[in-house]
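Here's the structure, in structure tokens; my notes come after.
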Amino acid sequence: MMGLIGTFSIIILLLIVIAFFIFNAVNFIDPTPIQNQLFGIHLTLFGGILLISNLLGAGYLIMILGLAIGVYGSFKSNDLGHEAEQVK
């Protein structure tokens, strides 16, 4: 039963993350770098909760996914105006 919960949580979170990146790619949403980092932190904490409840595989994968999104948010820059000034 617990393995089934882990499988469903991975599937649901992967769909949310895929939708997040698709909406970000087509400029439907434009999250700031701090919002990306917070999303990664939430996923990392949720993965930790799953690890504590003995869902090791699901918790570990969700934590790694959260860390990757947090790092992605750290290196993303929304400073488009600064690039236009450098071109002039």
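For this structure, a couple of remarks:
- Options (1) 3, 14, 20, 20, 15, 10, 7, 4, 3, 2, 1, 0, 0; (2) 3, 12, 21, 24, 17, 10, 6, 3, 2, 1, 0; (3) 3, 9, 11, 14, 19, 20, 15, 7, 2, 0 - which one matches P(r) over Cα pairs in 5 Å bins from 0, in percent as calculated here: (1)
- TYR72 paired with ASP30, simple spin-label distance in nm, labels 7 Å along Cα-to-beta-carbon: 1.9
- Solvent-accessible area per residue in the chain equals 70 Å², computed with a 1.4 angstrom probe and all protein chains kept.
- Virtual spin-label span in nm between ILE41 and MET1, 7 Å along Cα→Cβ: 3.5
The values are calculated or read from the model by the stated rules, or taken from the named source; none is laboratory data. Please read all numbers here as calculations on a predicted model, not as lab measurements. With ideal geometry, Cβ positions are generated from the backbone for all residues, glycine too; neighbour counts draw on all protein chains shown. Please note that ligands, DNA and RNA were not included when accessible areas were found on the heavy atoms of the full protein model with its side chains. Shrake-Rupley method; radii C 1.70, N 1.55, O 1.52, S 1.80 Å.
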